[in-house]
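These notes are about the structure you will find just below.
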Amino acid sequence: NGEEVRVVNDAGHLNISVKLSPSVRPGLVVLYNGFEPYQHREWFSQSDVEPGIVKWLHMAGGYGHLKYRPWHWQPIPIDRGIGVDVEKLPASARAK
């Protein structure tokens, strides 16, 4: 409990502290998502390992009522399982 690990998949990664729970089946990772990455080192958060759908508005341009604004990404499409690996961080990479 409390050890920092790296959660990684093909979409991205994040470093997060671990809390073990007897109510979670072995081999499963439960992450409660927040949309702000401020609490994580490197500013990578749970949304960085959740592949999202294409928001077609991002491809539209030149129309007054359709605007693409950076930092306004799509919400998570659905609540679903996503495959991840969990890696131990070397001592030199952990938060101090």
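The residue that is farthest from residue 87 (Cα to Cα), among those in the range 10-51 that are free of Cβ contacts under 8 Å to residues at least 12 places away in the same chain and β-branched (Val, Ile, Thr), is 24.
Only one of the listed residues (24, 30) is farther than 19 Å from residue 93 by Cα and surrounded by fewer than 11 Cβ atoms within 10 Å (Cβ to Cβ). That residue is 30.
Read-outs: derived from the displayed coordinates by stated rules, not from any lab. All values derive from a computational prediction rather than experimental measurement. Note that we place each Cβ from the backbone using ideal geometry, even for glycine, and neighbour counts take in every protein chain shown.
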